[in-house]
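Undergrad: Here's a structure for you.
The values are calculated or read from the model by the stated rules, or taken from the named source; none is laboratory data. Since this is a predicted model, take the numbers as computed values, not measurements. Cβ: placed from backbone, ideal geometry, glycine included. Neighbour counts: every protein chain shown. Accessible surface areas use protein heavy atoms only, side chains included; no ligands, DNA or RNA. Shrake-Rupley method; radii C 1.70, N 1.55, O 1.52, S 1.80 Å.
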Amino acid sequence: MKITKEMIDRIVSEAKNYGATRIIIFGSAVAAPETARDIDIALDGIRGWRIFEFAGKMEEELNIPLDVVSLSPSSRFTRHIENYGQILL
């Protein structure tokens, strides 16, 4: 499935509604959006289980798997995302 700008804009808008203060897209959605099978998003600001509520809502609405990672606490993996991902917010 092709990842469109409209899909990304919708994710950013809804993530803000959930309280996101930072959003980074990474993985195949950045490297090859025309053939990506999912969207990988790293977030700050959405606490606890609400991050999974957000992901489920977006999966259902956009009809594509959404993998979410919290940027806090910082780890080797999140630092890699910060260095190589595309900052959306």
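Undergrad: With the structure loaded, tell me whether E60 is out of contact with any Asp or Glu (no Cβ under 7 Å at 6 or more places or on another chain) and more than 16 Å from L88 (Cβ to Cβ) or whether it fails that test. Before you say what the answer is, go through the steps one by one.
TA: Details: out of contact with any Asp or Glu (no Cβ under 7 Å at 6 or more places or on another chain): yes; more than 16 Å from L88 (Cβ to Cβ): yes.
It is true that E60 is out of contact with any Asp or Glu (no Cβ under 7 Å at 6 or more places or on another chain) and more than 16 Å from L88 (Cβ to Cβ).
Undergrad: Would you check if there is a residue in segment 38-47 being of a type in the set (A, V, I, L, M), open to solvent by 20 Å² or more (accessible area, probe 1.4 Å) and at pLDDT 95 or above?
TA: no
Undergrad: Looking only at segment 48-88, filter to residues that are over 15 Å from M7 (Cα atoms) and among the charged types (D, E, K, R); which one of those is most open to solvent (accessible area, probe 1.4 Å)?
TA: R76
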